[in-house]
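> Structure provided below as C-alpha cells; questions to follow.
All of the numbers you see were taken from the coordinates with simple rules; none came from a lab. Here the structure is a predicted model, which is why all the values come from computation and not from measurement. Note: ideal-geometry Cβ built from the backbone for every residue, glycine included; neighbour counts use all protein chains shown.
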Amino acid sequence: MRSSTLVRALPAAVTAALALTAGQAVAAPAAPAEHTAAARVVTYDASGAAEFKDAVTKGAAVWNESVVNVQLKPVASGQRANVRIVADDGWPRTASTGLGSGTIYFGRQAVDEGHNTVRISSHELGHILGLPDRKPGPCSSLMSGASAGTSCTNAYPNAAEKAEVEGDFGLAGAATLGARTFRD
Ligand SMILES: [Zn+2]
C-alpha cells in the first residue's frame, strides 16, 4: 500500500515541476534586447546634388538593401549630415573624413561620358563606407567604377564588397578609418 501511494504521488510531483518550469520559461524575455546590435546610421544631405538627387536616393537604397550593419538615411532638417553630396562639373570623387563621413562630388564629366548615375552614386557611397577603388575590374564589382565601361549599369556591391562593409561597421570591425581622398 505504501509503495503504491508513492508511485501514484510521483507523477503529480513531476507534473507540478514541469508546470513551474513552463511558467518560468514563458515569463523569461524571448530575446535579450541588449545583445541585438543596432545598425549604425549614416546621414546624408543631397540638397546640393542638383539633378542627381534621385540617383543619390537610389544609390543609398542599394546599400540599405545590401548590408545590415550600416544604413544610409537622409538627414533631418536642421541636423548636420555625416555625408554631403554636391554636383559639380568635374570627375566624380569622394573626400572621406573617416568611416561613414565626408563629401561626395557628383561630377557631371562621367555622366556626360555615359556612365550610369546610380552606379556612380553607390560607388561613391561605397568610398564613404570604407571601400577603396578596385580597378581595373569587372562590372560585377561596384568598386571597379568607370573601368568597367559605360555599358556597365550594375549599382550593386558584390559579395566581397558587402562583407567588407559589414566587417567595418560590425561589432568586430575596427570602424576607424582615417581621412582619405578617392579620385573617382
Ligand atoms: Zn572610386
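> For residue 150 and residue 39 in one chain, what is 0.36 nm times their gap in residues minus the Cα-Cα distance, to one decimal in nm?
Extra length available between residue 150 and residue 39 comes to 36.6 nm.
> Could you give me the ³J(HN,Hα) list for the range 45-57, computed from phi with Karplus coefficients 6.51, -1.76, 1.60 and θ = phi - 60°, whole Hz, x at Gly and Pro?
Working through the residues one at a time gives 10, 9, 5, x, 8, 6, 6, 9, 4, 5, 5, 5, 4 Hz.
> Would you mind getting me the FRET efficiency between residue 58 and residue 139? Use the beta-carbon distance for r and R0 = 22 Å, nearest 0.05. Don't skip to the answer; put the middle values down first.
Values: r = 17 Å, r/R0 = 0.79.
E between residue 58 and residue 139, to the nearest 0.05, is 0.80.
> Where the only charges are on Cβ atoms (+1 Lys, Arg; -1 Asp, Glu), what is the dipole of the range 37-183 about its Cα centre, to the nearest 20 debye?
Working: 14 positive and 14 negative charges, 45 e Å.
Dipole size: approximately 220 debye.
> What's the local net charge at residue 45, with K and R +1, D and E -1, over the other residues with C-beta under 13 Å away?
+4
> Any chance you could run the full-extension gain for residue 97 through residue 109? It's 0.36 nm times the residue separation minus the Cα-Cα distance, nm to one decimal.
Once the chain is fully extended between residue 97 and residue 109, it gains 1.9 nm.
> Once the Cβ-Cβ distance between residue 89 and residue 160 is put in as r, and R0 is 30 Å, what FRET efficiency do you end up with, to the nearest 0.05?
It comes out at approximately 0.35.
> So how far apart, in nm, are the two label points at residue 179 and residue 50 if each is 7 Å from Cα heading toward Cβ?
Here the answer is 2.6 nm between the modelled labels.
> Is the range 56-96 best put as rounded, prolate or oblate by its Cα gyration tensor, with a ≥ b ≥ c the root eigenvalues, rounded for a/c under 1.5, and otherwise prolate when a/b is larger than b/c, oblate when not?
Details: a/c = 2.05, a/b = 1.26, b/c = 1.63.
Oblate, because a/c is 1.5 or more while a/b does not exceed b/c.
> According to the square roots a ≥ b ≥ c of the eigenvalues of the Cα gyration tensor, what is the shape class of the range 37-183, taking rounded for a/c under 1.5, prolate for a/b larger than b/c otherwise, and oblate for the remainder?
oblate
> Cα gyration tensor of the range 63-146, axes a ≥ b ≥ c as square roots of the eigenvalues: rounded (a/c below 1.5), prolate (a/b > b/c) or oblate?
On the way: a/c = 1.87, a/b = 1.27, b/c = 1.47.
Because a/c hits 1.5 or more and a/b fails to exceed b/c, the range 63-146 counts as oblate.
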